[in-house]
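Trainee: Below is one structure. I have some questions about it.
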Amino acid sequence: MSTTHPGAFGPDLVEVFGPQQADGGPELVQLLTPEGERVHHPEFDLDFSADQLRGLYRDMVLTRRIDTEATALQRHGELGIWAQLLGQEAAQIGAGRALRPQDFVFPTYREHGVAWCRGIDPLQLLGLFRGVDHGSWDPQATGFGLYTIVIGAQTLHATGYAMGMQRDGVVGTGDPDRDAAVVAHFGDGASSQGDVNEAFIFAASYQAPVVFFCQNNQWAISEPIERQSRIPLYQRALGFGFPGIRVDGNDVLATYAVTQAALQRARDGQGPTFVEAYTYRMGAHTTTDDPTRYRLSDDLESWKLKDPIARVEVYLRRNGLVDDAFVAELKAEADELGHTLREGCKAMRDPDPLSLFDHVYADVPPELAAQRDGYAAYLASFEEAR
Amino acid sequence: MAAAHDTQGTRTITLAKGLNAGLRRAMEDDPKVLLMGEDVGKLGGVFRITDGLQKDFGEDRVIDSPLAESGIVGTAVGLAMRGYRPVVEIQFDGFVYPAYDQIVCQVAKIHYRSRGRVPMPIVIRIPFGGGIGAVEHHSESPEAQFAHTPGLKVVACSNPVDGYWMIQQAIACDDPVVFLEPKRQYHADKAELDEAARPEPLFASRVVRAGTDATLIAYGPTVKTCLAAAQAAATEGRSLEVIDLRTLSPLDLAPVLESVRRTGRAVVVHEAHVNLGLGAELAARLTEQCFYSLEAPVLRVGGFDAPYPASRIEEDFLPDLDRVLDAVDRSLEF
């Protein structure tokens, strides 16, 4: 090796240090192909009952309807903005249905399908995007945290919550009704955030019962995954000291199976797991975004062939698990849901202006109370002038 | 440093011992209280404030954390959501900034965001201020950045007895509290602690020396500076009142207004940069609320609007007795 020719460093250093990433392509756990073929996996195979399959199908259809209605409501000026989940239904329903009641979820602002699984009224999701509140559901009662807008911040909250579970003695007892775990949702963009990396370190250090569920939808607004990572995201986990796995995020069966296994690992006290749900953001980042400025329609077309709902429908029909009557009934249910969302959204009233002062503190300081009273008197002065 | 008990049930303590004893008592009173931070376990913290606590309460309650401030505060948020009362230690003032996002966007806002459903009883302990001859980032006074943030409460202790009581009150508080400790006082002065005494409320300011000619307003490390200045002024026949603010957000203005209405003159003294510091807010409030009592503009003595300097010239940066008295002279001559 000659030090006078810097260009010669490259190959030599690869020989010394090894390759920049593991050999071979990423392995994708899949149980249902895009064509609706049921395939088997040595580690993650599961038997699904007909009711379970129909249930997952129904969840995805209704979740897509919530998304479609919300997008339309934004276009009609009823919502300020909407973060679309189109294309990510399988990842979210699979992850959501793998939960037990005692588990806890920390979402981003796009987990509408998981919210559905946790029994959150979709109108409450609309309330946030309409601007009437910052999220009105009860995290403790639903096991579903409030949407977090700052990218990745909630992964640390999830880890801390999981550390709390360890101290509460609800990890590794062997009692399926007692043992609990946490799911931290985030995306490919968030994987670059310091908080997410710190969450990995804390979770690994304390072996906290948390599943890091990353929906890699390929895009962080306009930036492709290649801008965030030079290696498949799931491979990063090993560097932090816990397993990572990539699952077909458009396959609800595989997502369910892998999340369930990761959750069980956590509940059993075996620590964190990284699940990369490989999917695609079929819509825009939000309703204010214009993806035609930065991505090719070819890409979109190829992912359309991998649609998460179509493959389940093909499977169900081919195996005689649904008939026309079921599909018609589900369509009617979706229409009814759409109607409820439209009417409910338009009927939402703006909050009382003085409520902006509510809940800043548990114990309200006198100065803030005085500010509130002053503004109340100011508002009242307009009423008197009328 | 050993605490000596006397026959009346009082003992002589430093600020470090007062904080340590206060933390211990809070942990005894409530099993949900956890301590977390860098080196707080076996080592007892770099200033030994948590000395002996991991030994007595175990590793599950006194948690040595990875070296990541955002991680410390962010996981504390999750622990609070699970029903715990985390007390986190930021090792030095200048290291709080990696946690700044978690503090101002999450800790401060989760109670509000959740319409009161999710409490955030977190205490963020920060040793603050200079005067210890340290390298960069170890001598700062970031209080205004937190006092500016709705949802946080910010307090500063100035003496051993307050340290003992205020840390317990901050832990019992259902709101998040940024708890500032004047690090150069940790092992300096001693005071008599009576654990059976009834403490003052946490969010209350206090007149620590009565006077008639001008009011000195201070907190944390500058309370001692101002008391020394008042002592020196007294030998020249000037009577200065000294107020220890103790609470920076919310402010407890009543004792301040009462004092300034009597003296007509106010000088605010803090180590933080003067520009947009607590002194600016106090000057505005005093102007609004006792304009006709003021005989002179409210003056500020603080750190200059330069980054904290190298330690060999930090005494030039920090407000000292002479700079305080110089401001008093200017106020009296106005």
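Computed from the coordinates by the stated procedures, all read-outs in this text should not be read as laboratory data. Predicted model, so just to flag it, every value in this text is computed and none were measured. Note that each Cβ is placed from the backbone with ideal geometry, even for glycine, and that neighbours are counted across all protein chains shown.
Trainee: Per 20 Å bin, what percent of the C-alpha pairs of the protein assembly as shown does each bin hold, from zero upward?
Mentor: The distribution over the protein assembly as shown is 16, 41, 30, 12, 1, 0, given as percents.
Trainee: Name the lysines eligible as straight-distance cross-link partners of A:K346: C-alpha to C-alpha under 21 Å, and not fewer than 8 places from it in the same chain.
Mentor: none
Trainee: Can I ask one more? If the cut-off is a Cα-Cα distance under 15 Å, which aspartates and glutamates reach A:K304, setting aside same-chain residues fewer than 8 apart in sequence?
Mentor: A:E35, A:E89, A:D248, A:D251, A:E313
Trainee: Kindly write out, for the stretch B:202-209 in residue order, the coupling ³J(HN,Hα) from the Karplus curve 6.51 cos²θ - 1.76 cosθ + 1.60 (θ = phi - 60°), rounded to whole Hz, with x marking Gly and Pro.
Mentor: 5, 9, 9, 8, 8, 7, 9, 8
Trainee: Give the Kirkwood hydrodynamic radius (Å, one decimal) of the stretch B:190-237, defined as one over the mean of 1/r across all pairs of different Cα atoms.
Mentor: About 12.9 Å for the stretch B:190-237.
Trainee: Step through the residues of the stretch B:236-249 one at a time and calculate ³J(HN,Hα) from phi using the Karplus curve (6.51 cos²θ - 1.76 cosθ + 1.60, θ = phi - 60°), rounding each to whole Hz and writing x for Gly and Pro.
Mentor: 9, x, 9, 10, 9, 8, 10, 10, 9, 4, 6, 10, 9, 8
Trainee: Another one. Between rounded, prolate and oblate, where does the stretch B:57-136 land on the alpha carbon gyration tensor, with a ≥ b ≥ c its root eigenvalues, rounded for a/c under 1.5, else prolate if a/b exceeds b/c?
Mentor: oblate
Trainee: Cβ neighbours within 10 Å, averaged per peptide: list B:39-47, B:302-310, B:181-189 in order, most packed at the top.
Mentor: Values: B:39-47: 18.2, B:302-310: 15.8, B:181-189: 20.6.
Output ranking for B:39-47, B:302-310, B:181-189: B:181-189, B:39-47, B:302-310.
Trainee: Also, quick follow-up: At what distance in angstrom do the alpha carbon centres of the stretch A:245-270 and the stretch B:102-164 lie from each other?
Mentor: Going from one Cα centre to the other spans 39 Å.
Trainee: Normalising by the residue count of the stretch B:206-333, find the relative contact order in percent from Cα pairs under 8 Å and 6+ residues apart.
Mentor: For the stretch B:206-333, the relative contact order is 28 percent.
Trainee: Which translational diffusion coefficient, to the nearest whole µm²/s, is obtained for the stretch B:206-333 from the Stokes-Einstein equation, given a Kirkwood hydrodynamic radius over C-alpha pairs, 20 °C and 1.002 mPa s?
Mentor: The Stokes-Einstein estimate is 149 µm²/s.
Trainee: Roughly how many Å is it from the Cα centre of the stretch B:56-71 to that of the stretch A:67-90, as a whole number?
Mentor: Cα centres, the stretch B:56-71 to the stretch A:67-90: 42 Å.
Trainee: Could you tell me what a quarter of the Cα convex hull surface of chain B works out to, in nm² with one decimal place?
Mentor: Here the figure is 17.1 nm², rounded to one decimal.
Trainee: If all Cα-Cα distances of chain A are sorted into 10 Å bins from 0 onward, what percent lands in each bin, rounded to whole numbers?
Mentor: 5, 21, 29, 24, 12, 6, 3, 1, 0
Trainee: Provide the packing ranking of A:171-181, B:27-37, i.e. peptides ordered by the mean count of other C-beta atoms within 10 Å per residue, highest first.
Mentor: Working: A:171-181: 16.5, B:27-37: 19.4.
Packing proxy ranking, top to bottom: B:27-37, A:171-181.
Trainee: Over all residues in A:131-143, what is the mean tally of Cβ atoms on other chains that come within 10 Å of each residue's Cβ?
Mentor: Mean shielding count: 3.
Trainee: Tell me which residues come under 5 Å, amide H to amide H, from B:Y219 once H is placed; ignore anything under 5 positions away on its chain.
Mentor: Under 5 Å from the amide H of B:Y219: B:L245.
Trainee: What does the average come to when, for each residue of peptide A:160-172, you count the partner chain Cβ atoms lying within 10 Å of its Cβ?
Mentor: Across the residues of A:160-172, the mean count of other-chain Cβ atoms within 10 Å is 5.
Trainee: Could you work out the helix-only [θ] at 222 nm for chain B, with each DSSP H run of four or more residues adding -39,500 (n - 2.57) and the total divided by the number of residues, to the nearest 500 deg cm²/dmol?
Mentor: It lands at -9500 deg cm²/dmol.
Trainee: Let me ask something else about it. Hey, got the average number of other protein chain Cβ atoms within 10 angstrom for residues in B:144-155?
Mentor: On the way: counts 0, 0, 0, 0, 0, 0, 4, 3, 2, 3, 0, 0.
Mean partner-chain Cβ count within 10 Å for B:144-155: 1.
Trainee: Beta carbons within 10 angstrom, averaged per residue: use that to sort the peptides B:99-108, A:204-213, highest first.
Mentor: Numbers: B:99-108: 22.7, A:204-213: 26.4.
The most tightly packed comes first, giving A:204-213, B:99-108.
Trainee: Here's another thing I want to ask about it. Return the sequence-ordered ³J(HN,Hα) values of the stretch B:85-102 in whole Hz as given by the Karplus equation 6.51 cos²θ - 1.76 cosθ + 1.60 applied to θ = phi - 60°, using x for Gly and Pro.
Mentor: 10, x, 10, 9, 10, 8, 4, 9, 3, x, 9, 7, 5, x, 9, 4, 4, 4
Trainee: Measuring from centroid to centroid over Cα atoms, what is the spacing of the stretch A:141-172 and the stretch A:31-52 in Å?
Mentor: If we compute the Cα centre of each part, the gap is 30 Å.
Trainee: For a quick check: with amide H placed at 1.01 Å from N, whose amide H comes under 5 Å from B:S249's, ignoring anything fewer than 5 positions away on the same chain?
Mentor: Those lying under 5 Å, H to H, from B:S249 are B:V154.
Trainee: Check the straight Cα-Cα distances from A:K306 and name the lysines below 29 Å, setting aside those fewer than 8 residues away within the same chain.
Mentor: A:K331
Trainee: With angles folded into 0 to 90 degrees, how steeply does helix A:308-318 sit against the dominant principal axis of chain A? Use alpha carbons for both and round to 10.
Mentor: For A:308-318 against chain A, the angle is about 70 degrees.
Trainee: Amide H neighbours of B:V33 under 5 Å, counting only residues 5+ apart in sequence or on other chains, H built in-plane at 1.01 Å?
Mentor: B:R85
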